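Take a look at the structure set out below.
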Amino acid sequence: MPDYVIVGAGSAGCVLAARLSENSDVSVTLIEAGPPDTAQELHIPAAFAALQKSDLDWDLTSEPEPGLDNRRTYLPRGKVLGGTSNLNAMVYIRGNQADYNGWSEGGAAGWGYDDVLPYFKKAEDNERGEDQFHGTGGPLGVSEGRSMNPLADAWVEAAKALGHEANPDFNGARQEGVGRYQTTQRNGMRCGTSVAYLHPAADRPNLEVVTGGLVTRILFEGSRAVGIELTRNGQLEEIRAEREVIVSAGAYNSPQLLMLSGIGPAAGLEALMIEVLQDLPVGENLQDHPMALINYKTDVESLMTAMSPENVAMLESEGRGPLTSNLAEAGGFMRTRAGLDAPDVQFHMAPVLYYDEGLGVATEHGFAFGPCVLKPTSRGSVTLRTPLPSSKPRIVSNFYATEDDRQSIIAGLRMAMEMAEQPALTDVITGPFRAPDSDSDEDLMAFARAYTQSVYHPTSTCAIGEVVDNDLKVLGIEGLRVVDASVMPTVTRGNTNAPTIMIAERAADLIAQA
């Protein structure tokens, strides 16, 4: 019987399994619903879009979104060792210092910026070297971009022409400004958490990795979690845990598993004839970053031709070139109005057409850029559709439910249109591919409703202070923790993979000290 059973081998689960199994006196079983991370597309950075809606994707879809003309939105999630760290755009962003200090001031003791910075540094192997803000020698490769598409540089120059300062390190002393993103890569290849953490630990005799196992419920004796039930190869199995069950299934699937196991809003569980073990607001408080991208055509070579034989050879021999692109090569953080204490929009710039939620196929050269709302005040939810574990949950992101969020996206889109008018971009734009009709509030909001997508940063559905305590233990339950992006009290200002890895690093210490 293992000491710890970890559900989900994603961005957090791989970190936990590796760190906890460093102690040879501790045994760990890590369970992943998807397969091993052997597909070549997982490791070639520019190939990740080919994995969307594949067998390696949970391929979730929202309910009709009231703020998006009742459209359903595509919500990809990695279903493979490494989870979404193997399906994402590899942008290494920690968030704003104000995010973590806000958590701490809100009651999440131990989660302030000074508390979490050592864990960011512990995880990191930054090729820039070690300094006050960065670490070296950690498992996670953090690298400069190696694609260096000139369209990304043109966008940065256009943003600078509007007065946005260049920022060489969004994870340093200040977040605001524009520039190129660092990526979770090593030698030009993706460095997800399976590669960074799990593979080096795989031969440990005290670590068992189970793939192809869908966990159907958590097992309890009284109010104590004692193991899990899973289906594998058509068979129902149980795996017991000596010490703890740790749920690391992500902001959609972690609340789903808790609710299937009787932990969640009582009224919703009772409606599905699920016995209520603990009445908690599981699945509420969902937060995500809504993004609206403008696309322009160009006669400059884009990433559309990245898979050429020459570029394949360059990747294999030199670890550079278009196939190392993370698509979101450049971007930045900005305030759209006075009186804000931190940026309220983030830009992503991709030197290729990126439309229809990334599912559209580029058949001509172009590029995309646009804002996302960084600190949304809108709140969504994750609820059960049925009591069957194989059913996909009901997800409502509830984008643009508040006036603050609507004003941020309107102002961000207006910024984007101003950028497109700067010489650095007018020199390369040959025409619009998909853009707002004008810069009026009405046209900008209509564009946002029609074309907004998730940036794939769901958080906060098992939030600290609401569902788990400051040590990430589920309230009112023994032997059960949640460790992933769902525990964030509020979504961070920026891409959420690095913060999720940090949470797991800190959780590993909390668990080891228990």
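General remarks:
- Rounded to the nearest 10 degrees, the inclination of helix 150-161 to the longest alpha-carbon principal axis of the chain is 80 degrees.
- Once the Cα atoms are used to define both axes, helix 403-420 deviates from the longest principal axis of the chain by about 40 degrees.
- Estimated FRET transfer efficiency when R0 is 30 angstrom, pair Asn470-Ala50 (beta carbons, to 0.05): 0.15
- In a simple Cβ point-charge model (Lys, Arg +1; Asp, Glu -1; nothing else charged), the chain has a dipole of about 440 debye relative to its Cα centre.
- Dipole-positive endmost among Leu374, Leu230, Trp103 within the chain (Cβ charges, Cα centre): Leu230
- Equivalent ellipsoid dimensions for the chain as semi-axes, Å, which come from the Cα gyration tensor, largest first: 36, 25, 21
- Chain lengthening between Ala166 and Asp153 when straightened (0.36 nm per residue, less Cα-Cα): 3.5 nm
- Rounded to the nearest 20 debye, dipole of the stretch 226-333 from Cβ charges on Lys, Arg, Asp, Glu: 80 debye
- Accessible surface area normalised per residue over the chain is 36 Å², counting heavy atoms of protein chains with a 1.4 Å rolling probe.
- C-alpha long axis of helix 497-513 to longest principal axis of the chain, angle in °: 20 degrees
- Relative contact order [Cα under 8 Å, 6+ residues apart], the chain, whole percent: 22 percent
- Ligands, DNA and RNA left out, the accessible area of the stretch 82-180 computed with a 1.4 Å probe is 48% carbon and sulfur.
- Span per principal axis, largest first, for the Cα atoms of the stretch 256-402 (Å): 59, 44, 27
- Scanning residues 5 or more positions from Arg217 or on other chains, those with amide H under 5 Å from its amide H are Glu229, with H placed 1.01 Å from N in the peptide plane.
- Peptides 306-312, 283-289, 410-416 ranked from most to least packed, by the mean per-residue count of other Cβ atoms within 10 Å: 283-289, 410-416, 306-312.
- Computed E for Arg71/Ala512 - FRET, C-beta separation, R0 60 angstrom, nearest 0.05: 0.85
- Counting only DSSP beta bridges with both residues in the chain, the antiparallel share comes to about 70 percent.
- Here is the list for the stretch 26-125: trypsin sites (Lys or Arg not before Pro) lying in DSSP coil, each with at most 16 other C-beta atoms within 10 angstrom of its C-beta, are Lys53, Arg72.
The values are calculated or read from the model by the stated rules, or taken from the named source; none is laboratory data. These numbers were taken from a predicted model, which means no experiment stands behind them. Glycine also receives a Cβ, built like all others from the backbone with ideal geometry; neighbour counts cover every protein chain displayed. Only protein heavy atoms, including side chains, enter the accessible area calculation; ligands, DNA and RNA are left aside. Shrake-Rupley method; radii C 1.70, N 1.55, O 1.52, S 1.80 Å.
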